[in-house]
């Protein structure tokens, strides 16, 4: 939510009611984009060139565009820098619990994540229907 | 879980610990595939040609393959028919709450879904941070 609109960048942001579930799921289905989301989960905003991702600038721009146009992040420009922020409140309003559930799933997905730290739960060939 | 493996189709099913979050999110990011998932949520299994989707058979085969290889559904063949089932228990074990949260989000995403039946909540231009 920029306080000043003097310099308005041509950045597309869907309104909260326009945020589409399929677009959001697609946006979250990529490791680089998910890294951006995870980093933004813990800070209010961040300059675009400062994310811990190892991709070409043009690729990174594409990822930011997918995230922005899906409604997952907002972006603003200031002094030749572009800042990104997670649209946490709006996402929660649109799809309650979705972002948190996906991020919890992400922690289980990664080597060294919850499965790596807990022992004996996963991976296991044993069906755990009894659990 | 086929009781007999006499006739084993060449169908790829990842083990529960191999189910990848990005693959699952990608599988769920398509309306046709989501329709299949939603239908399977309420019945144990279903023959592949009987889903209420309007796509060409080759396209439908592709969608089933994406769902199966991502670990979202299992498939088995019997008497020249292929049956699909949601891997509900395994998905819940791998990513707790994910499927239910996504399906709840789907209900909010669709015209005539929860937003359509409830009035005055959405869509609204009013920011609902106060809600």
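The values are calculated or read from the model by the stated rules, or taken from the named source; none is laboratory data. All values reported here derive from a predicted model rather than from experimental measurement. Because the Cβ atoms are built from the backbone with ideal geometry, glycine has one as well, and the counts that use them run over all protein chains shown.
When residue A:61 is tested against (1) part of a helix (DSSP H, G or I); (2) more than 10 Å from the chain's Cα centre (by Cα); (3) away from every other protein chain (no Cβ under 14 Å); (4) surrounded by 15 or more Cβ atoms within 10 Å (Cβ to Cβ), only condition (4) is not met.
Here B:33, B:68 are screened, and the one residue that is modelled with pLDDT of 90 or more and farther than 30 Å from residue A:18 by Cβ is B:68.
Close contacts from region B:28-48, counting a first residue that is within 14 Å of chain A (Cβ to nearest Cβ) and a second that is surrounded by fewer than 17 Cβ atoms within 10 Å (Cβ to Cβ), with Cβ to Cβ under 6 Å and a gap of 6+ residues or different chains, come to B:29/A:22; B:32/B:53; B:32/B:55; B:35/B:53. Among the residues making up region B:14-27, those that are in contact (Cβ under 8 Å) with a residue 60 or more places away in the chain and buried (at least 17 other Cβ atoms within 10 Å of the Cβ) are B:16, B:19, B:21, B:24.
So, of the residues in region A:87-107 that are part of a loop (DSSP other than H, G, I, E, B) and surrounded by 21 or more Cβ atoms within 10 Å (Cβ to Cβ), which turns out to be nearest to the other protein chains (Cβ to nearest Cβ)? Before you say what the answer is, go through the steps one by one.
First, pick out the residues of region A:87-107 that are part of a loop (DSSP other than H, G, I, E, B): A:87, A:95-97.
If we keep only those that are surrounded by 21 or more Cβ atoms within 10 Å (Cβ to Cβ) too, we end up with A:87, A:95.
Working: A:87: 12, A:95: 4 Å.
The selected residue is A:95.
Quick check on residue B:67: is it under 16 Å from the mean Cα position of the chain (by Cα) and buried (at least 18 other Cβ atoms within 10 Å of the Cβ)? Answer is yes for this residue. I'd like to check something: does region A:75-86 contain any residue that is at pLDDT 95 or above and part of a loop (DSSP other than H, G, I, E, B)? The answer is no; no qualifying residue exists.
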